[in-house]
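Take a look at the structure below.
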Amino acid sequence: MGPAKILNPQVQPAAPGSGRTTTTTTTTTTTTTTTMARFFGFKGRALSILQIALIVAPSFILFGYNQANIGGLLTEDNWGKTFPAIDTVHTKGAVKNAHSTLQGFVVATFVIGAVIGSLSCSYTGDRFGRRNVIFAAAVATLVGEVLEATSFGLAQFIVGRIIIGAGVGQLTSIVPVWLSETSGAKNRGRQVVLTGLFICLGYVLESWIDLAFFEFHTGPVTWRPPIAIAIVFSLLLMSMIYFLPESPRWLVMKGRSEQARPIIAALRDHDEDSIEVQAELAGIEFSLEDTVGRGKAKLREMLTMGEDKLLYRFGLCILLQFYQQMSGSNLVSVYAPILFQTNLGMSPELSRVLSGGALTWKFLSAFLGFIAIDRFGRRAVFMISGCGMSACMASLAVATSFPKDNRSAQYAAAAFIFAYNTFVPIGFLGANFLYCTEVAPLRLRMAMSSISTANHWLWNFIVVMVTPVALNTLGWRYYIIFAAIAACVPLSVYFLYPETMGRNLEEIDMMFRESPSVLGTVRFAKSRRIAMPQEYAADKAAETKAAHIEAAGGQSGGE
């Protein structure tokens, strides 16, 4: 039995000059039943949970797992025998320095791929849709993981790592956009910040899985299975993405509003004809009206200020992603086993236990960010996180300045690593991706998000590439760099970053347009009330009515 037919009486304008209107009855076919069937029958909050469990979780677990997995394998004996050119455990002096440089490059090839993948989304995300890009990214991670796990030479391993990086780079650009565009304003913060929690979960899984296989002590079993396990998450992504909704905002942007309507209804758990669904659809269309007048969005627009203050908004995204990497987050996550074993002089097994413990603590601390993001706002979590990271990095520099045989200093340094992992996820493990999708206008959201994420990966590359050599040469002084940069976070956020909590994406766009100046945007955001969604529908209806009257008047005058 097909979908039910609903008769909708509508008022139609009569022929020009007749001076009357006629009422006609049109037949529309509801697509709610079909839409709901595609989403396993889920709607509203249940559908959002399904999106997070089947797509967001595996996407960002892949991020954390693949980013950190090589760091825990670098000190394995069989790893050193398989890839002797990057063995730093059994070498000393100039040879060790040379191997450290190459080791940093091999680890960083993942990031090279991620930069390429992120940048590609500026084109593919709007061209092919959010779901298609997510599927392609999952395929890339699967291919790369197979190449890595079966490597017997460094060249094959590097190729696999670049391909994995490309897939993860695409996921980190496209999934936050897809999730923010399908989330409501009330819970958007918590839903997108879950990305950081899942990154941590990836770190945790990798760390303890690495420790479990380390207990075999010899042979390729110590490192090949830990790499191959990530294949499970790639397969989950590939098999589930087309059972979940496409971004309604992308559909509207492509002129497919009628396809977007039932998706919005399912996501918000309302009827298609409800005022809430009509209001949200009208708000999306309202934000796109300028796009039609200006033609196709161009990347160079982000380098101009204009009424939309695009350069300012783009700068906020770039600076935020710079802070995320250059405050030391990746240093601690990727090189935790090396920090404990080489930098602090602990045994290989104890180093892995402490590394797993530190990353598990980071995962648990991520719940603080989840709780705070929609309660205290984006600005608060950024400033708290920045202050804490700066203090912990400065303390870590002091603790590691003592000789390695100073046990008290070792314990203090380990404690500061745990403390640092408390503050990072509060504001800079998910909230940074969220904020970049919020402040970007719809017509440039994919481009702005992908380029700012590529910037994130670029600084990630620098940290990963430089760290092995820096720890070997600069020692404790290396941490001072991160402490100084993290100290700039609260100042920048206080003066430059407006609050976005509680506002839908279209209202945030209007907030930037209406603010009197760049430096006045933060104060303007505090004073501007949060608009109700029905206002968009009212504005849209008023504009449509005015357009009809104007058109009718023009036709009458022509007669």
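For segment 389-403, the tally of residues that are in a helix (DSSP H, G or I), buried (at least 20 other Cβ atoms within 10 Å of the Cβ) and in contact with a Phe, Trp or Tyr (Cβ under 7 Å, 6 or more places away or on another chain) stands at 6.
Taking helices (runs of 4 or more DSSP H) as the structural unit, those lying wholly within segment 483-559 and holding at least 3 residues that are within 29 Å of residue 190 (Cβ to Cβ) and at pLDDT below 85 correspond to 534-558. A residue that is within 30 Å of residue 248 (Cα to Cα), under 23 Å from the mean Cα position of the chain (by Cα) and either in contact (Cβ under 8 Å) with a residue 40 or more places away in the chain or in a helix (DSSP H, G or I) (or both) occurs nowhere in segment 462-482. You will find that of 18, 59, the residue that is polar (S, T, N, Q), in a helix (DSSP H, G or I) and either modelled with pLDDT of 75 or more or over 17 Å from residue 226 (Cα atoms) (or both) is 59 and no other.
Within segment 82-134, the residues that satisfy the criterion of being at pLDDT below 90 and either outside any helix (DSSP H, G or I) or among the acidic types (Asp, Glu) (or both) are 83, 87, 88, 89, 90, 91, 92, 126. Close Cβ contacts (under 9 Å, 6 or more residues apart or on different chains) running from residues in segment 405-427 that are closer than 25 Å to residue 189 by Cα to residues that are basic (Lys, Arg) and surrounded by 20 or more Cβ atoms within 10 Å (Cβ to Cβ) comprise 420/362; 421/362; 422/362; 424/362; 425/362; 427/378. Looking at segment 130-178 only, could you name the residues that are closer than 28 Å to residue 193 by Cβ, over 15 Å from the mean Cα position of the chain (by Cα) and among the β-branched types (Val, Ile, Thr)? Correct list: 139, 141, 164.
Counting only helices (runs of 4 or more DSSP H) that sit completely within segment 173-241, those holding 2 or more residues that are farther than 30 Å from residue 350 by Cα correspond to 188-214, 231-240. Here residue 454 meets each of (1) surrounded by fewer than 20 Cβ atoms within 10 Å (Cβ to Cβ); (2) aliphatic (A, V, I, L, M); (3) within 18 Å of the chain's Cα centre (by Cα) with one exception, condition (1). Out of curiosity, is residue 427 over 15 Å from residue 322 (Cβ atoms) and touching a helix residue (DSSP H, G or I) at 6+ places or on another chain (Cβ under 9 Å)? So residue 427 does not fit the description; no.
All conditions but one from (1) of a type in the set (A, V, I, L, M); (2) within 27 Å of the chain's Cα centre (by Cα); (3) assigned to a loop (DSSP other than H, G, I, E, B) apply to residue 380; the one that does not is (3).
The rows are residues; the columns are (1) under 24 Å from residue 483 (Cβ atoms); (2) touching a residue at least 24 places away in the same chain (Cβ under 8 Å); (3) among the charged types (D, E, K, R).
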| residue | (1), (2), (3) |
| --- | --- |
| 340 | yes, yes, no |
| 352 | no, yes, yes |
| 356 | no, yes, no |
| 367 | no, yes, no |
| 379 | yes, yes, yes |
| 382 | yes, yes, no |
| 390 | yes, yes, no |
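The set of residues in segment 307-356 that are acidic (Asp, Glu) and part of a helix (DSSP H, G or I) contains only 349.
The values are calculated or read from the model by the stated rules, or taken from the named source; none is laboratory data. Only a predicted model underlies this, so the values are computations on that prediction, with no experimental measurement involved. Note that we place each Cβ from the backbone using ideal geometry, even for glycine, and neighbour counts take in every protein chain shown.
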